[in-house]
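To start, the structure itself, in structure tokens.
Just so you know, all these numbers are worked out from the coordinates, no wet-lab data involved. Computed from a predicted model, the values in this text were never measured in an experiment. Cβ placement follows ideal geometry from the backbone for every residue including glycine, while neighbour counts extend to all protein chains displayed.
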């Protein structure tokens with residue numbers, strides 16, 4: 001009979017990071033343990049700590065903690081400890097006592113041993129190690145191939161392989177939902193899921209070669225989509241050096257035999273405001289720094305050399321994704337132009353409120369990169385033509401209005417370019433091969449609680465709240481069906497309802513979004529009038545809407561929302577402007593006639609089907 005340690009040998013150097021050795025397991029089981037006195041106790045600083053009951057009297061319990069501290073607490077502040085055989089257990093649903101401190105400690109102790117994956121019933125919980133571990137090596141992929149969940153240690157590869165096997169056996173599409181707070185490691189795990197399918201279901205077939213295009217296999221192209229989207233859609237935040245500032249749903253399609261057939265990507269909620277504004281200690285999108293880092297000195301030179309970007313193009317695997325030479329050039333030209341927009345300067349004309357250019361050098365560079373005439377661009381910004389009735393009239397602009405217009409245009413160009421890149425990637429990943437099934441992987445921007453939270457955080461957190469509601473309802477319904485099969489008596493609980501109050505506060509009629517939309521229709525509405533309407537409608541009437549508690553050194557906030565993941569203080573400054581984000585249509589008209597064909601394409605449908613500016 002093969003020993004458990006020998007069975008783990010197939011995982012190579014990853015084995016110690018996936019399952020503890022037989023020797024450790026035996027040692028854990030032999031630890032002294034008294035089921036009557038060993039407890040977890042609520043602690044004012046540490047959440048919960050391990051301890052031993054010393055005495056019980058009048059509904060109070062005195063506990064000595066492992067650190068030697070003596071605590072006296074109410075009965076409901078102590079929790080029974082699991083026997084040592086459950087030490088670092090791989091599936092927490094197996095525990096005798098399943099409660100918050102038991103879950104917390106099991107995850108903490110597995111994490112201390114660098115075992116970052118743990119099951120909890122149907123869920124796989126991941127704790128971000130913020131370092132490289134050998135748990136994604138090629139031999140690990142092979143070791144999970146075709147194994148049932150209980151036959152191997154917890155891992156994202158096991159979740160992936162089980163989805164793949166269920167798809168083939170049950171002949172049904174599958175979905176993998178990756179959720180968690182900002183910086184939890186969602187995007188990395190999404191990439192690992194894709195890596196797994198690209199390896200085990202590789203077709204190995206190259207698409208038909210097209211002139212002037214370098215093409216990889218479909219699995220190469222699916223993997224190559226990530227670095228390109230990350231360069232333009234990820235940024236450094238206070239929580240995470242590589243934070244996804246957009247959500248994505250990736251469908252990986254398979255043929256009848258389980259070979260890769262094609263793939264497509266849907267994206268949600270790109271945080272376009274990051275193009276023009278970042279909080280202290282945060283950065284804009286990676287691509288801006290890749291261009292200006294000077295690690296690629298050939299990118300920064302005379303303006304006619306500005307877009308010689310072959311090395312970054314290779315780094316982003318943009319060639320493998322089939323972009324033409326003109327498209328690659330356009331992507332970097334437009335990115336450069338958006339960067340120059342931030343340096344455009346305007347001044348007020350003497351004795352007038354009218355704005356005029358404060359120098360033309362920056363505008364010359366931006367216009368050159370966008371295939372526009374510089375003088376036309378500046379004139380359109382300072383004197384846009386607007387329709388009044390059936391006629392067009394020239395409208396003067398203040399310096400503030402011009403700066404607002406420049407920011408809105410920069411965000412619009414960047415957002416439309418990003419969405420167009422996704423369309424082009426999808427065209428490339430569409431092989432026209434027969435599709436039988438797909439596995440969908442959802443990776444959304446994580447829940448955020450920063451020192452300063454604005455409109456972007458509300459949108460992201462609302463999306464998370466809605467997703468968590470669906471996730472809770474769906475997954476717990478599945479759990480409860482398992483209980484029924486096993487004959488366990490169980491009263492049905494709709495866990496999704498726990499989040500309903502906060503969701504309705506945000507999205508229902510006369511909710512936060514509804515009031516914001518209403519205020520955007522009134523020309524004289526201000527941040528203050530918006531805040532007053534929120535307070536009149538919700539303060540004291542909804543328990544999830546509260547007045548923020550001021551504290552020394554705390555950023556200014558205007559209201560607090562109680563979300564499932566915690567209470568968040570929101571600052572509403574500029575929300576009306578962010579929600580409207582009006583575009584200068586005279587400049588859009590110039591874009592539509594640009595000699596850079598991609599820019600003209602991005603705005604070809606403007607006026608026919610407006611893009612929602614959230």
* Asked: Between the helical axis of 325-341 and the dominant principal axis of the chain, each derived from Cα atoms, what acute angle in degrees is found, rounded to the nearest 10?
  -> 80
* Structure fact -> In nanometres, the difference between 0.36 nm per residue of separation and the alpha-carbon distance of residue 354 and residue 47 is 104.6 nm
* To do: Using only Cα atoms, locate the centre of segment 111-152 and the centre of segment 241-286, then give the distance between them in Å, rounded to an integer.
  => 23
* Structure fact -> Residues 465, 172, 507 in order from fewest to most other beta-carbon atoms within 10 Å are 172, 507, 465
* In Å, the Kirkwood hydrodynamic radius of segment 382-501 over pairs of distinct alpha carbons? -> 20.5
* Rounded to the nearest 500, what is the chain's calculated 222 nm mean residue ellipticity when only DSSP H runs of at least 4 contribute -39500 (n - 2.57) each, over all residues? -> -12000 deg cm²/dmol
* To do: Would you kindly compute the Cα radius of gyration of segment 479-549 and its largest Cα-Cα separation (Dmax), both in Å?
  => 19.2, 63
* Once both axes come from the Cα atoms, what is the angle between helix 399-429 and the longest principal axis of the chain, in degrees from 0 to 90, rounded to 10? -> 60
* Please tell me the relative contact order of the chain in percent, rounded to the nearest whole number, where contacts are Cα pairs under 8 Å and at least six residues apart. => 12
* Structure fact -> Rounded to one decimal in nm, the spacing of the 7 Å Cα→Cβ label points at residue 542 and residue 388 is 4.0
* Asked: Cα gyration tensor of segment 102-258, axes a ≥ b ≥ c as square roots of the eigenvalues: rounded (a/c below 1.5), prolate (a/b > b/c) or oblate?
  -> oblate
* Structure fact -> Its Cα gyration tensor gives segment 33-78 an equivalent ellipsoid whose semi-axes in whole Å, largest first, are 14, 13, 9
* May I ask you to compute the full-extension gain from residue 484 to residue 470, defined as 0.36 nm times their residue separation minus their alpha-carbon distance, rounded to one decimal in nm? => 2.9 nm
* How big is the equivalent ellipsoid of segment 112-193 along its three axes, where each semi-axis is √(5λ) from the Cα gyration tensor, reported in whole Å from largest to smallest? -> 21, 15, 12
* Could you give me the percent of Cα pairs per 10 Å distance bin for segment 136-176, shortest bin first, beginning at zero and ending with the bin that holds the maximum distance? => 31, 54, 15
* Cα axis of helix 455-485 to longest principal axis of the chain: angle in degrees, 0 to 90, nearest 10? -> 30
* **Radius of gyration, Dmax [segment 21-146; alpha carbons; angstrom]** => 17.1, 60
* Alpha-carbon Rg/Rh ratio, for the chain, with Rh computed the Kirkwood way -> 1.01
* Calculate the length of the line joining the C-alpha centroid of segment 371-431 to that of segment 544-587, in whole Å. => 26
* Cα-only radius of gyration and Dmax that characterise segment 521-587, units Å -> 14.8, 47
* Asked: residue 30 versus residue 564, label points 7 Å from Cα toward the beta carbon: distance in nm?
  -> 4.5
